[in-house]
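The values are calculated or read from the model by the stated rules, or taken from the named source; none is laboratory data. Here the structure is a predicted model, which means the values were calculated and not measured. Reconstructed Cβ throughout: ideal geometry from the backbone, glycine too, with neighbour counts over all protein chains shown.
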Amino acid sequence: MLERLFTFSKAQVSSFVGGIVDYLVMVLFTECFHVHYTLSIVIGGIVGAIVNFSINKFWTFKSKEHPYELPLKKQLSRFVLVVLNSIALKVSGTYLITTFIGIDYKISRIITDLIVSWAVNYTLQRSWVFKKKKLSKEVVRDNE
């Protein structure tokens, strides 16, 4: 239980760092380059995802190539699916809150990010992207 809480905390730090990069790229593209905020969310999401994957791979989930973990190619393909889902949810949520409630896109984005990060991203990354394979009894004995 304590280990899961520690992992969750590290994942939130990783998500925060990736999210800050994502958010700053979104604001930069929207405010400086006059790109519509929904497209800026996609651009920021891609940049933030690269930062987030790197931190999660090597720190949060301590996922270095071991025989009991998924291969990097499989992790990346799963991570891309999570990111695409996350970006779609963030674009949709931000757009809906901004359009129908009338809150500035920068605030709507923060609200949406909090919901998506806690409800979707952490769970999928922990249990699917960086999931460890179950070891057979022979491998466990060999590693002892």
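Residue-by-condition table, conditions (1) touching a residue at least 40 places away in the same chain (Cβ under 8 Å); (2) of a type in the set (F, W, Y):
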{"position": "F16", "(1), (2)": "no, yes"}
{"position": "H34", "(1), (2)": "no, no"}
{"position": "I41", "(1), (2)": "yes, no"}
{"position": "A49", "(1), (2)": "no, no"}
{"position": "V83", "(1), (2)": "no, no"}
{"position": "Y95", "(1), (2)": "yes, yes"}
{"position": "I115", "(1), (2)": "no, no"}
{"position": "V120", "(1), (2)": "no, no"}
{"position": "S127", "(1), (2)": "no, no"}
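Does the range 7-22 include one or more residues that are at pLDDT 85 or above, surrounded by fewer than 19 Cβ atoms within 10 Å (Cβ to Cβ) and either touching a Leu at 6+ places or on another chain (Cβ under 8 Å) or among the basic types (K, R) (or both)? Yes, because at least one residue in the range 7-22 is at pLDDT 85 or above, surrounded by fewer than 19 Cβ atoms within 10 Å (Cβ to Cβ) and either touching a Leu at 6+ places or on another chain (Cβ under 8 Å) or among the basic types (K, R) (or both). Within the range 2-30, being in contact with a helix residue (DSSP H, G or I) (Cβ under 9 Å, 6 or more places away or on another chain) and of a type in the set (D, E) holds for one residue alone: D22.
Restricting S92, S54, S77 to those that are surrounded by fewer than 19 Cβ atoms within 10 Å (Cβ to Cβ), under 14 Å from the mean Cα position of the chain (by Cα) and farther than 15 Å from S15 by Cα reduces the list to S77. Is it true that some residue in the range 109-126 is more than 21 Å from L24 (Cα to Cα), over 12 Å from the mean Cα position of the chain (by Cα) and modelled with pLDDT of 70 or more? Within the range 109-126, none of the residues are more than 21 Å from L24 (Cα to Cα), over 12 Å from the mean Cα position of the chain (by Cα) and modelled with pLDDT of 70 or more.
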